[in-house]
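The values are calculated or read from the model by the stated rules, or taken from the named source; none is laboratory data. All values derive from a computational prediction rather than experimental measurement. As a convention, Cβ positions derive from the backbone with ideal geometry for all residues, glycine included, and neighbour counts pool all protein chains shown. Accessible surface is based on the protein model in full, side chains and every heavy atom, while ligands, DNA and RNA are left aside. Shrake-Rupley method; radii C 1.70, N 1.55, O 1.52, S 1.80 Å.
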Amino acid sequence: VLPLDVADAAAVPAAVARAAQLGGRLDVVVNNAGFGLISSAEEAAEADIERLLEVNFHGTRRVIQAALPLLRKQRAGHIVNITSIAGVAPSAGSAFYAAAKFAVEGMSLSLAQELAPLGIKLTLVEPGAFRTDFLSEHSIRITPVAIEDYAATAGATLARLQSIAGSQAGDPVKAAQAILAAVDAEEPPLHLLLGADAYARAQARHERFGAELERWKAVSLSTGFDA
């Protein structure tokens with residue numbers, strides 16, 4: 001086990017190189033380091049937002065950039081980026097956590113196209129609520145919602161998360177098995193939603209998105225130059 005602070009830019013390349021040296025190669029790179037931030041967008045602290053992006057997005061980016069030369073040389077490998085259902089269908093109270101996860105999603109969707117011709121796979125894992133310590137003070141930063149206007153939105157999300165801490169429906173062991181199955185698959189998924197809650201939220205968002213696309217289709221198509 002090699003310790004690594006992914007927010008330490010100088011330490012990342014050395015740790016990745018050492019891991020490859022110990023194993024002789026890199027087969028699977030899993031980016032799982034991160035923490036949550038629950039707050040109304042207006043009340044979130046500047047330092048918390050900066051640290052969140054530094055770890056959740058830039059940490060993932062640094063590990064990927066350090067690993068890519070090795071994976072390209074092998075013409076093989078699989079990058080697994082753990083994002084969140086918040087990176088697909090966010091709820092109120094998670095604006096900046098969702099922003100960090102959306103950043104990983106966007107980077108990954110583009111990166112996957114660059115890597116496909118090189119024989120390198122990429123999978124985005126988008127979990128719902130799993131019974132880990134994510135909702136403990138070890139893994140989440142919480143800014144209490146003091147502005148009454150946000151009590152029914154961001155405040156409700158905070159209350160719901162606090163109520164399910166320790167009783168989340170998702171089994172981490174089964175999640176790990178699902179990730180291994182995806183990596184072993186002949187045609188691995190680009191998106192792997194984990195949990196019934198994640199599946200339902202993603203499905204609902206895409207149904208709303210599709211309906212809105214159609215409702216505004218005429219406007220979307222009306223913005224070109226006249227022939």
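Protection proxy ranking for 84-94, 9-19, 70-80, using the average of other Cβ atoms within 10 Å per residue and placing the highest first: 84-94, 70-80, 9-19. Find which of Q21, A146, A92 sits farthest along the positive direction of the dipole of the chain, computed with +1 on the beta-carbon of Lys and Arg, -1 on that of Asp and Glu, about the Cα centre. Farthest along the dipole direction, towards plus: Q21.
If R0 equals 30 Å, the separation of the Cβ atoms of H191 and I142 corresponds to a calculated FRET efficiency of about 0.60.
A Cβ-based charge dipole, computed about the Cα centre of the chain with Lys and Arg at +1 and Asp and Glu at -1, lands at about 760 debye. If you plug the beta carbon distance of E42 and E214 into 1/(1 + (r/R0)^6) with R0 = 41 Å, you get a FRET efficiency near 0.80. If R0 is 22 Å, what FRET efficiency do you get for V173 and L22 from their C-beta distance, rounded to 0.05? For V173 and L22, the calculated efficiency is 0.30.
The residues neighbouring A146, those whose beta-carbon lies less than 14 Å from its own, together hold a net charge of -4 under the Lys/Arg +1, Asp/Glu -1 convention.
With one equal scatterer per alpha carbon and no solvent term, the Debye-computed log10 I(q)/I(0) for segment 60-133 at 0.15, 0.18, 0.26, 0.28 1/Å reads -0.55, -0.73, -1.16, -1.27. Separation of segment 20-74 and segment 190-214, taken as the distance between their Cα centroids, equals 25 angstrom. Counted by Cβ distance under 11 Å from A47, the other residues give a net charge of -2, where Lys and Arg count +1 and Asp and Glu count -1. The shape of segment 80-180 comes out oblate: with a ≥ b ≥ c from the C-alpha gyration tensor, a/c is at least 1.5 while a/b does not beat b/c.
With the Cα gyration tensor of segment 96-141 giving a ≥ b ≥ c as the square roots of its eigenvalues, does the rule (a/c under 1.5 for rounded; else a/b larger than b/c for prolate; else oblate) give rounded, prolate or oblate? It is prolate, given that a/c is not under 1.5 and a/b is the larger ratio. Solvent-accessible area assigned to carbon and sulfur over the chain amounts to 57 percent, based on a 1.4 Å probe. Rolling a 1.4 angstrom probe over the protein heavy atoms with all chains in place gives the chain an accessible area of 57 Å² per residue. Couplings 3J(HN,Hα) of segment 61-73, computed from phi: 4, 5, 5, 4, 4, 6, 7, 4, x, 5, 5, 5, 4 Hz, in residue order, whole Hz [Karplus 6.51 cos²θ - 1.76 cosθ + 1.60, θ = phi - 60°; x for Gly and Pro].
Ordering of 208-216, 55-63 by packing is 55-63, 208-216, highest average first (other Cβ atoms within 10 Å, averaged per residue).
Computed on segment 16-166, with alpha-carbon pairs under 8 angstrom and 6+ residues apart, the relative contact order is 33 percent.
The translational diffusion coefficient of the chain, from Stokes-Einstein at 4 °C and 1.567 mPa s with a Kirkwood hydrodynamic radius over alpha carbon pairs, comes to 67 µm²/s.
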